[in-house]
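Reading through the structure tokens given below for one structure.
The values are calculated or read from the model by the stated rules, or taken from the named source; none is laboratory data. Please read all numbers here as calculations on a predicted model, not as lab measurements. Using ideal geometry, Cβ is built from the backbone for each residue, glycine included, and neighbour counts are taken over all protein chains shown. Note: areas computed on protein heavy atoms with side chains; ligands, DNA, RNA excluded. Shrake-Rupley method; radii C 1.70, N 1.55, O 1.52, S 1.80 Å.
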Amino acid sequence: METLFGMGKLIHESIIIPVSFTFHWHFEASNKGRAKFVAVSKDSEIYDIYESLPFFPWALEGVDSHGRPICAERLSLTRRQGKINGVLIETILHLNADDIHVGESGAFDTVLFYIPNTKIGYDYKFQDFDGTNNLSLSTIELSYGGYKYNIKLKRLISEAKEKEKISLEEDFISIEMNIEKLNGYISDIEAQKLAQAVLEVMEIAYGNIIYWSEMKGLLDNDIVYHAYRNARYPKSSHTRQLIKLDHPRFLSGFILKTFDLYQNMLFSEREALLELIRGVRFAAERLNFPVPFVQLGSTIEKCCVSILGENKEYYMNKKERRRVFPDYKEWVQLNIIPNINKLDQDEFIDSLSNKFSFLLQKTFRTRLTNLLNHYQIKFNPIWISEFVKMRNEAAHGGYQFNGIADYMIWTRVASLLERIIMKRMMYDQAFWDNSTSPSEYKILN
């Protein structure tokens, strides 16, 4: 745990409160509140109104005890109390923060990122914590934005400790990502953009969300800038990976093979690929059927919209729908409305635009088939029929649990989505085919 002390002010719109504060950063605490502030105000006017202070959002600006600037955003008030001790009046405010920055942002020799709950294989031997040499370091050279960068991934705890943490489902900081720009300094913004792109590529192979929780900017080996992000860590016991990430060279090879392609994709396509992998991961976390059918169906619908566009989503484009809608509305008013209970007529007319849109939307089966055909993914039509039936029953009623058969129906379609991702990444090496149980590691045509 890290602790900082300082002076500054809390801000919420027109409310400004001068405070002294203590900041606690819990690296591996198994809860949401890793970044916590305890702020103390000695202003009697604040004491008079502290019970009515707004919950969210607050910001903090100040300096710590070393004279470094500190700012925090999106603070939420979790507890407040007032104290009177003789003439001393204090208001004590407890807050959680999402983003915290300590020191001056700018250009650095090296930027370090710390990644929680992510177990990978490493390429090179490096002296471990017990003095022995173990595989605990990977190095990658990448081009990004016209510049070259050296990236190192370093294991932060021993493999035995890592396995223990995962078995106990405890949170831990697993990887240090070291980024240096060849022949130059690197800014914090530049480093964050590169780190984000690398972590997204890693996430696709890993099958689970990966992000950094802490960042350090170094000049001449001194930490001159520090940033923290407060969020729930991903589950460390994740199992649905797409390549053998616990083997040396596999992850670094995947990054080297796919990074250039990924960074040059349109932002919307990158978002769609992440939506697919996260949708599969989210549904796979708790295979409590029929929920995974609904979750995966929702992911497919979102990606069909963002990837296929209107022409394959609807039978008519938006311009044509707008042109035809007045005629449709007139027909409904003449032929449908007179047969509806008068109490329901206004509600029916108010929702007529949505009804018309749903009427002209292609079926879920057609949209899923179009998505697979768009990426030229070969599939068994029976898989699609079985999944659509289960998804409809789960969403609209009539579902009955069928044991392992339900899992196979779900995982076959989920595996088709994974094939979309790997094909779009132009990855032609072996990866896990999750359409079978157990999964098979093979090259897919």
P(r) of segment 318-402 over all Cα-Cα pairs, 10 Å bins starting at 0, rounded to whole percent, reads 14, 30, 25, 24, 7, 0
Cα-Cα longer than 24 Å, checked against Lys257/Lys302; Lys154/Lys244; Lys302/Lys355; Lys125/Lys165; Lys163/Lys244; Lys319/Lys342, kept in input order, equals Lys257/Lys302; Lys319/Lys342
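Rank these by accessible area, largest first, 1.4 Å probe: Glu440, Glu214, Glu13.
Details: Glu440 85, Glu214 5, Glu13 160 Å².
If we order Glu440, Glu214, Glu13 from most to least accessible, we get Glu13, Glu440, Glu214.
Based on alpha-carbon positions alone, could you give the equivalent ellipsoid semi-axes of the chain from the gyration tensor, as √(5λ), descending, whole Å? Don't skip to the answer; put the middle values down first.
Numbers: eigenvalues 389, 243, 90 Å².
Over the Cα atoms of the chain, the semi-axes work out to 44, 35, 21 Å.
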Using a 1.4 Å probe on heavy atoms of the protein chains only, the accessible area for His238 in Å², nearest 10, reads 40
Per DSSP loop assignment and a cutoff of at most 10 other beta carbons within 10 Å, the chain keeps its longest run without exposed trypsin sites (Lys or Arg not before Pro) at 1-285
Reduced to Cα centres, the span from segment 218-273 to segment 279-310 in Å works out to 22
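One quarter of the convex hull surface, Cα atoms only: what value does that give for segment 130-252 in nm²? Present the calculation step by step, with values, prior to reporting the outcome.
Details: hull surface 34.9 nm².
About 8.7 nm², averaged over all directions.
Could you work out [θ]222 nm for the chain from helices alone, using -39500 (n - 2.57) per DSSP H run of at least four and dividing by all its residues? Round to the nearest 500 deg cm²/dmol.
Working: 13 runs with 172 residues, N = 445.
Per the formula, -12500 deg cm²/dmol.
With Cβ to Cβ distances under 10 Å as the rule, what net charge do the other residues near Phe379 carry (K, R +1; D, E -1)? Don't jump to the answer; show the numbers that get you there.
Values: positive: Lys378, Arg412, Arg419; negative: none.
Charge balance near Phe379 sits at +3.
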Percent of all alpha-carbon pairs of segment 342-445 at distances over 17 Å, whole number, is 64
The summed charge of the Ile340 Cβ neighbourhood (under 13 Å; Lys/Arg +1, Asp/Glu -1) stands at -2
Rounded to the nearest 10 Å², the accessible area of Cys71 using a 1.4 Å probe with every protein chain kept is 50
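Where Lys and Arg each count +1 and Asp and Glu each count -1, what net charge lies around His66 among other residues with Cβ under 13 Å from its Cβ?
-3
Pairs of Cα atoms under 8 Å, at least six residues apart: use those to get the relative contact order of segment 32-120, whole percent.
Working: 146 pairs, mean separation 29.2, N = 89.
Here the relative contact order equals 33 percent.
With all protein chains present and a 1.4 Å probe, how do Tyr124, Tyr206 order by accessible area, largest first?
Numbers: Tyr124 90, Tyr206 5 Å².
Reading off the accessible areas and sorting them downward yields Tyr124, Tyr206.
Quick one: divide the alpha-carbon radius of gyration of segment 36-111 by 2.2 N^0.38 Å and tell me what you get.
Segment 36-111 yields a ratio of 1.33.
Report relative contact order for segment 52-206 in percent, whole number only (criteria: Cα-Cα under 8 Å, sequence separation at least 6). Kindly include the intermediate steps, with their values, before the conclusion.
Numbers: 261 pairs, mean separation 29.4, N = 155.
It comes to 19 percent, rounded to a whole number.
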Given Cβ charges of +1 for Lys and Arg and -1 for Asp and Glu, the option among His101, Gly217, Leu153 whose Cα lies farthest towards the positive end of the dipole of the chain is Leu153
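Which value, in nm² and rounded to one decimal, describes the direction-averaged projected area of the C-alpha convex hull of segment 240-371? Display every interim value, and only then the final one.
Values: hull surface 48.2 nm².
If I average the Cα hull's projected area over directions, I get 12.1 nm².
Give the relative contact order (percent, whole number) for the chain; include only Cα pairs under 8 Å separated by 6+ residues.
On the way: 792 pairs, mean separation 51.2, N = 445.
It rounds to 12 percent for the chain.
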Among Ser439, Leu334, Leu256, the residue whose Cα sits farthest towards the positive end of the charge dipole of the chain (+1 at Cβ of Lys and Arg, -1 at Cβ of Asp and Glu, taken about the Cα centre) is Leu334
